[in-house]
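Here's the structure we're looking at; comments come further down.
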Amino acid sequence: DEHMVFDNAYIAGGPCWSPDGKRIVFVSNKDGNLEIYGISPDGSGLVNVTNNPADDFAPAWSPKGNRIAFASNRGNGTTEIWVMKADGSEVVQVTRLGTVATEPAWSPDGSLLAFAGQVGGGQNGQIFTIRPDGTEQVNLTDNNNMDNHAPEWSPDGVFILFYAAGFKGNWD
């Protein structure tokens, strides 16, 4: 049985269930810029969670459901990864690439975030991991011949699946 939770004229992307299934976050331009909203599955309780003049998008719930990672151009004007409590409070900048960092994905235990980002003037996205407090950033792909995006953790947290575009070599 399907029903509309929110008027899709304003949906800009990224619906994401909370781990307990009681809330959905999504991106909308309903208030004139990209914001992250929360809503109950029955369509009640709509809340602008980020409520910031910057563009906020790509929400990802932490495994416990108490935090949300997201991408935003707040701060220095470049897109970076941020983390906030699920109610939108205590917003903290995680990455400081100074270029583009987006598509955050929590590890199953919540100890790491994977994300896609650009570094060193390279045009292609790389896959990184970082602690939610902004420490221990690691570039996993480190290859400007590929454009890597959409990291997704395996359920056991051992592997990260991502897609790579622009491959021009041999698979051997």
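The values are calculated or read from the model by the stated rules, or taken from the named source; none is laboratory data. In this text the structure is predicted, and so the values were computed from the model without any measurement. In this analysis, Cβ positions are derived from the backbone assuming ideal geometry, glycine residues included, and neighbour counts consider all displayed protein chains. Areas reflect the complete protein model, heavy atoms only, side chains present, ligands, DNA and RNA absent. Shrake-Rupley method; radii C 1.70, N 1.55, O 1.52, S 1.80 Å.
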Q) For the subset of segment 30-59 comprising residues that are open to solvent by less than 30 Å² (accessible area, probe 1.4 Å) and of a type in the set (Val, Ile, Thr), which member is farthest from residue 77 (Cα to Cα)? A) 39
Q.
Looking at the structure I just gave you, is residue 59 out of contact with any Pro (no Cβ under 7 Å at 6 or more places or on another chain) and either small (Gly, Ala, Ser) or closer than 17 Å to residue 153 by Cβ (or both)?
A. yes
Q) Within segment 61-79, can you find the residues that are within 23 Å of residue 125 (Cβ to Cβ), of a type outside the set (S, T, N, Q) and either without any contact (Cβ under 8 Å) to a residue 60 or more places away in the chain or open to solvent by 20 Å² or more (accessible area, probe 1.4 Å) (or both)? A) 61, 68, 70, 71, 74, 75, 77
Q | Boolean, residue 136 is more than 22 Å from residue 93 (Cβ to Cβ) and of a type in the set (Asp, Glu) | A | no
Q: Please verify whether segment 117-129 includes one or more residues that are of a type outside the set (Ser, Thr, Tyr), touching a Pro at 6+ places or on another chain (Cβ under 6 Å), open to solvent by less than 10 Å² (accessible area, probe 1.4 Å) and at pLDDT 95 or above.
A: no
**Q.** Selection within segment 80-97 - open to solvent by 30 Å² or more (accessible area, probe 1.4 Å) and farther than 15 Å from residue 130 by Cα
**A.** 85, 86, 87, 89, 90, 91
